[in-house]
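Scroll down for the structure; my scribbles are underneath it.
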């Protein structure tokens with residue numbers, strides 16, 4: 001376990017929050033495109049939706065080492081969000097481009113957003129405790 005360093009911890013929390021907030025915003029966009037896809041979108045709406053999902057994954061990947069660093073402290077247990085829709089779900093969304101595949105991917109987007117928002121709440125609590 002690493003020793004407690006308040007300034008470094010606060011900086012790490014802020015950086016992780018920034019990346020996760022960007023991921024959440026990007027998933028909001030993916031969800032809007034997903035809704036259009038459910039209503040009868042085409043290849044373009046699917047491509048944009050999955051592009052946003054991939055962008056959100058990149059933001060989460062930026063936050064992961066920061067979250068791990070926070071977890072390595074002796075007083076933190078920060079949750080790490082998952083990855084969202086799998087490659088298989090993405091493939092199914094394009095191959096079976098239909099209502100049920102679109103609904104499934106939409107539910108995975110919402111699940112990942114819930115995980116991100118829970119992690120953001122944990123970061124807020126951790127920041128208050130570190131002050």
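Numbers for the structure displayed
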| read-out | value |
| --- | --- |
| Condition met for residue 121 (assigned to a helix (DSSP H, G or I), modelled with pLDDT of 70 or more and more than 14 Å from the chain's Cα centre (by Cα)) | no |
| Residue within the range 12-28 that is crowded, with 18+ Cβ neighbours inside 10 Å and free of Cβ contacts under 8 Å to residues at least 24 places away in the same chain present | no |
| Search result, residues across the range 1-11 that are without any contact (Cβ under 8 Å) to a residue 12 or more places away in the chain and in a helix (DSSP H, G or I) | 7, 8, 11 |
| So residue 102, is it in contact with a helix residue (DSSP H, G or I) (Cβ under 7 Å, 6 or more places away or on another chain), surrounded by 12 or more Cβ atoms within 10 Å (Cβ to Cβ) and modelled with pLDDT under 90 | yes |
| Index of the failed condition, residue 38 passing every other in (1) touching a residue at least 60 places away in the same chain (Cβ under 8 Å); (2) closer than 13 Å to residue 109 by Cβ; (3) under 19 Å from the mean Cα position of the chain (by Cα) | (3) |
| Hits in the range 51-89 (condition: exposed (fewer than 13 other Cβ atoms within 10 Å of the Cβ), modelled with pLDDT under 70 and assigned to a helix (DSSP H, G or I)) | 87, 88 |
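The values are calculated or read from the model by the stated rules, or taken from the named source; none is laboratory data. Predicted, not measured: the structure shown is a model, and the values here were computed from it. All Cβ positions, glycine included, derive from the backbone under ideal geometry; neighbour counts span all protein chains shown.
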